[in-house]
Amino acid sequence: MEWTDFSVKFWGVRGSIACPGPSTVRYGGNTSCLEVMCGDRRLIFDGGTGLRTLGQTMMGQNPCDVDLLLTHTHFDHVCGLPFFAPFYIPGNKIRLWAGHLDAELGVEKVIHDMMIAPLFPVPPGAFQAEVSYNDFECGTTLTLGDGVSVRTCALNHPNRATGYRVDFEGRSLCYITDTEHVEGERDAAIVKLIQDADLVIYDSTFTDAEYSKFKGYGHSTWEEGVRLADEAHVKTLVLFHHDPSHDDDFMDQVAKDAETSRPGTLVAREGDTLLP
């Protein structure tokens, strides 16, 4: 199998709220959504506004069989779910996964409560696809079949969140977003999860210079991503979850600074496809 059979495409790279407009056209304005292809197996990470466009591209591929894994259920990461067209097509199979919720508040209830009046007019009962809801405990390894293994760990975020590592055919991709670091320390759980990974996508909402104003918000900096990547001997770091106030010019400067700090570091752009 060639490495081109393992890829990640960015359908949404922003955090907090979608921010489309002339100042964000180069990096994109949709919120978090990734499509990971492992051979013929499709994994989707997070259901932000970028999920809608991904779903439209999948409409000519029915029936589809998809695992949709959520880091957490804050609104910017799930607001695209009601608009994911494959949910409404009979014959499709979609498995939703979440590892951050308490036993009494599983992912099925969270999605149901989000999609009922007065918040939304169409409930999950309108789904025509075969949808399953799967809660797991952070730290669990998910064996999804077809040689795809997904390791998980807990992240430091309000209401909790999950970090993911996908291992496939000897290559690895990690998705670590919505986590806050402790200054001067590396998160041991994250270091362990991303150790020697080929590609790590990391929450780079702020810069170190901005961070003091946003402590407690549950987010990290691109510089901390560099420090983690260096400690864990990561091959390629990808900066992600861009703050909506950071326009294209700001992100261009982040890209330059990150390249100087750790050559080869990339800034996620909506529409880009990368190979681990």
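We did not get these values from a lab; they are worked out from the coordinates using the rules stated. Treat the numbers as computed from the prediction; the structure is a model and nothing was measured. Cβ placement follows ideal geometry from the backbone for every residue including glycine, while neighbour counts extend to all protein chains displayed.
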For region 126-181, the Rg and Dmax computed from alpha carbons only, in angstrom: 13.6, 41
Rounded if a/c under 1.5, otherwise prolate or oblate - region 118-225, Cα gyration tensor axes: oblate
Order of 10, 136 - criterion: other Cβ atoms within 10 Å of each residue's Cβ, fewest first: 136, 10
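How would region 172-271 be classified by its alpha-carbon gyration tensor: rounded, prolate or oblate, with rounded meaning a/c under 1.5 and the a/b versus b/c comparison settling the rest? Mind dumping the intermediate values first?
Details: a/c = 1.62, a/b = 1.15, b/c = 1.40.
Oblate is the answer for region 172-271, as a/c is 1.5 or above yet b/c matches or exceeds a/b.
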Residue 172 long-range amide H proximity, modeled H, under 5 Å: 198, 199
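How big is Rg to Rh over region 1-68, alpha-carbon atoms, Rh as the Kirkwood inverse-mean-distance radius?
Details: Rg = 13.1 Å, Rh = 12.8 Å.
My calculation puts Rg/Rh at 1.02.
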Candidate aspartates and glutamates - alpha carbon under 15 Å from residue 93, same-chain residues fewer than 8 apart omitted: 40, 65, 67, 130
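Express the relative contact order of region 3-268 as a whole percentage, based on alpha carbon pairs under 8 Å and six or more residues apart in sequence. Could the numbers behind the result be given before it?
Values: 612 pairs, mean separation 38.4, N = 266.
Computed value for region 3-268: 14 percent relative contact order.
Which percentage, to the nearest 5, of the DSSP beta bridges contained in region 93-226 is antiparallel?
Values: 16 of 27 bridges.
Restricted to region 93-226, the bridges split so that about 60 percent are antiparallel.
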Set 192/256; 9/256; 192/235; 192/213; 213/256 screened for pairs whose C-alpha atoms are more than 26 Å apart: 192/256; 192/213
5 angstrom amide H check on residue 267, placed H, neighbours 5+ away: 239
Using alpha-carbon coordinates, inclination of helix 248-261 to the longest axis of the chain, degrees: 60
Most fluctuating residue given options 138, 33, 174, as computed from a GNM of the chain linking Cα atoms under 10 Å: 138
Whole-Hz ³J(HN,Hα) from phi, Karplus 6.51 cos²θ - 1.76 cosθ + 1.60, for region 146-151, glycine and proline x: 6, x, 9, 10, 10, 8
Sum of -39500 (n - 2.57) over DSSP H runs of 4+, divided by residues of the chain (222 nm, nearest 500): -5500 deg cm²/dmol
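Could you compute the longest span of the chain free of GluC sites (Glu not before Pro) located in DSSP loops and having at most 15 other Cβ atoms within 10 Å, not counting the site residues? Don't skip to the answer; put the middle values down first.
Values: sites that count: 2, 104, 137, 169, 183, 185.
Result, exposed sites excluded: 3-103.
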Of 193, 34, 119, the one that fluctuates the most in a GNM where the chain has Cα springs shorter than 10 Å: 119
Calculated P(r) tail over 36 Å for the chain, as whole % of Cα pairs: 9
Listed residues 72, 201, 232: farthest to the positive end of the dipole of the chain (Cβ charges): 72
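Which shape class, rounded, prolate or oblate, goes with region 16-128 when its Cα gyration tensor gives a ≥ b ≥ c as root eigenvalues, a/c under 1.5 marks rounded, and past that a/b bigger than b/c marks prolate?
rounded
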